[in-house]
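**Student:** Have a look at the structure that comes next, please.
The values are calculated or read from the model by the stated rules, or taken from the named source; none is laboratory data. Keep in mind that what you see is a predicted model, and the values were worked out from it rather than measured. Cβ placement follows ideal geometry from the backbone for every residue including glycine, while neighbour counts extend to all protein chains displayed.
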Amino acid sequence: MPSKTKILLIYTGGTIGMMKDFETGALKAFNFSKLLQRIPELKLLDCSIETVSFEHPIDSSNINPEMWDQIATMVEANYEIYDGFVILHGSDTMSYSASALSFMLENLAKPVIFTGSQLPIGDLRTDAKENLITAIQIASLQAKNKPVIQEVGLYFEYKLYRGNRTTKINAEHFNAFTSPNYPALAESGVHLKVENHLFLQQKTGKKFIVHKNLDNNVFVLKLFPGFNEGAMHAIINIPNLKGMVIETYGAGNAPTDSWFIVALQMAINKGLHIVNVTQCSGGSVNMGQYETSTELKKLGIISGKDITTEAAITKLMYMLAQNVAPSSFKTIFETSLRGELS
């Protein structure tokens, strides 16, 4: 008889880990060592669950690359012991964290599933129980004694997405996330429907590598009508700036004002890596399709294609930390490393 799948639950903070104090009504952190007592349904899952928490759980608005290192280190330290990992995280920055971890965990052959909730675990109408139970169930899926999922995912409100394809779209509804340019990997209903053909296909036998110390000398610039020359020069002259994601209009279009093009050229000459992503919630950058993006293409601006802003900025941090040669930076960025772009 095969042994039970072992899942490690990593609690970083967030609404899912909160419970209401019945005396004061205030929200307080939940003791995850008492998890099975609070959610006895977990005992029905065909897996063993152990928990570990950040020493000081955080609101996800305070997440930073050092904390991504902390999560990656927890996965690395327990990688050989457990069959899958579920990371409980605040929803506000979950897409950033899932994207970052996807790049940091190279040759991942086990599931790392992010989840959280819109309401605390102790709330009567909470979405926390379903999200947590199904995320654990998904992380424990096995076929021929191997994990079915071998990538970083994000599970929320009945759907499992590729983590680096997600973005948060709603602060009030239970369906808080979407994956605008890639289908859901699995959907939970009466049955758990798993779309195996959509999963990342890992090359077997490759050594699991954890990359830490991302380089956060980066910036996201969202264009808007009226964006001015002074602001542009202030941004490209930020000390130690190495990379920038520009959220452009439509299929990658931007103003054709000479000062804007000259400023971009100056930035590139200084060695700045500039990535073009669309402000649209779905679709792809296609520089050269319109006259307003032809100049960007001529400058050698990196095409983000259909990548999300969250994945673009974390991929930039990851690649800058890898000291990728300037001559190959554009080619590598425009190549899918972890399924983050089409």
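**Student:** Is there a residue being at pLDDT 90 or above, closer than 19 Å to residue 149 by Cα, surrounded by fewer than 18 Cβ atoms within 10 Å (Cβ to Cβ) and touching a strand residue (DSSP E or B) at 6+ places or on another chain (Cβ under 7 Å) anywhere in the stretch 6-21?
**Tutor:** The answer is yes, given that some residue of the stretch 6-21 is at pLDDT 90 or above, closer than 19 Å to residue 149 by Cα, surrounded by fewer than 18 Cβ atoms within 10 Å (Cβ to Cβ) and touching a strand residue (DSSP E or B) at 6+ places or on another chain (Cβ under 7 Å).
**Student:** Going through 156, 174 one at a time, which residue ends up being more than 23 Å from residue 339 (Cα to Cα) and aromatic (Phe, Trp, Tyr)?
**Tutor:** Testing whether each residue is more than 23 Å from residue 339 (Cα to Cα) and aromatic (Phe, Trp, Tyr) leaves just 174.
**Student:** Taking residue 81 as meeting all but one of (1) assigned to a helix (DSSP H, G or I); (2) surrounded by fewer than 23 Cβ atoms within 10 Å (Cβ to Cβ), write down the number of the exception.
**Tutor:** (1)
**Student:** Tell me whether the stretch 98-105 contains one or more residues that are outside any loop (DSSP other than H, G, I, E, B), at pLDDT 95 or above and either closer than 21 Å to residue 18 by Cβ or not assigned by TED's automatic domain parsing to the domain that holds residue 173 (or both).
**Tutor:** Yes, there is a match, as at least one residue in the stretch 98-105 is outside any loop (DSSP other than H, G, I, E, B), at pLDDT 95 or above and either closer than 21 Å to residue 18 by Cβ or not assigned by TED's automatic domain parsing to the domain that holds residue 173 (or both).
**Student:** Would the stretch 24-35 turn up any residue that is modelled with pLDDT of 90 or more, part of a helix (DSSP H, G or I) and either assigned by TED's automatic domain parsing to the domain that holds residue 176 or surrounded by 16 or more Cβ atoms within 10 Å (Cβ to Cβ) (or both)?
**Tutor:** No.
**Student:** Would you pick out the residues in the stretch 277-297 that are more than 22 Å from residue 169 (Cβ to Cβ), surrounded by 14 or more Cβ atoms within 10 Å (Cβ to Cβ) and of a type outside the set (Ser, Thr, Tyr)?
**Tutor:** Hits for the stretch 277-297 are 286, 287, 288, 289, 295, 296, 297.
**Student:** Out of the residues in the stretch 116-137 that are of a type in the set (Gly, Ala, Ser) and crowded, with 18+ Cβ neighbours inside 10 Å, which is modelled with the lowest pLDDT?
**Tutor:** Going through the qualifying residues, I end up with 128.
**Student:** Check off (1) at pLDDT 85 or above; (2) in a loop (DSSP other than H, G, I, E, B); (3) within 19 Å of residue 137 (Cβ to Cβ) for residue 92 and give me the number that stays unchecked.
**Tutor:** (3)
**Student:** List pairs: first residue in the stretch 115-140 and free of Cβ contacts under 8 Å to residues at least 24 places away in the same chain, second residue crowded, with 24+ Cβ neighbours inside 10 Å anywhere in the structure, Cβ distance under 7 angstrom, at least six positions apart or on different chains.
**Tutor:** Pairs that qualify, where the first residue is free of Cβ contacts under 8 Å to residues at least 24 places away in the same chain and the partner is crowded, with 24+ Cβ neighbours inside 10 Å, are 126/117.
**Student:** Select, from 336, 284, the only residue that is within 25 Å of residue 94 (Cα to Cα), free of Cβ contacts under 8 Å to residues at least 12 places away in the same chain and not acidic (Asp, Glu).
**Tutor:** Checking each option against the conditions leaves just 336.
**Student:** Exactly one of these conditions fails for residue 321: (1) under 23 Å from residue 67 (Cα atoms); (2) not assigned by TED's automatic domain parsing to the domain that holds residue 237. Give me its number.
**Tutor:** (2)
**Student:** Next up: Where in the stretch 239-342 are the helices (runs of 4 or more DSSP H), entirely inside, with at least 1 residues that are over 22 Å from the mean Cα position of the chain (by Cα) and farther than 22 Å from residue 161 by Cβ?
**Tutor:** Ranges flagged: 258-269, 291-299, 326-333.
**Student:** Of everything in the stretch 138-158, what is surrounded by fewer than 22 Cβ atoms within 10 Å (Cβ to Cβ) and either touching a strand residue (DSSP E or B) at 6+ places or on another chain (Cβ under 7 Å) or closer than 24 Å to residue 103 by Cβ (or both)? Give them in sequence order.
**Tutor:** 141, 142, 146, 147, 148, 150, 158
**Student:** Something else: Suppose the filter is in a helix (DSSP H, G or I), of a type outside the set (Lys, Arg) and touching a helix residue (DSSP H, G or I) at 6+ places or on another chain (Cβ under 8 Å); does residue 219 pass it?
**Tutor:** No: the conditions fail for residue 219.
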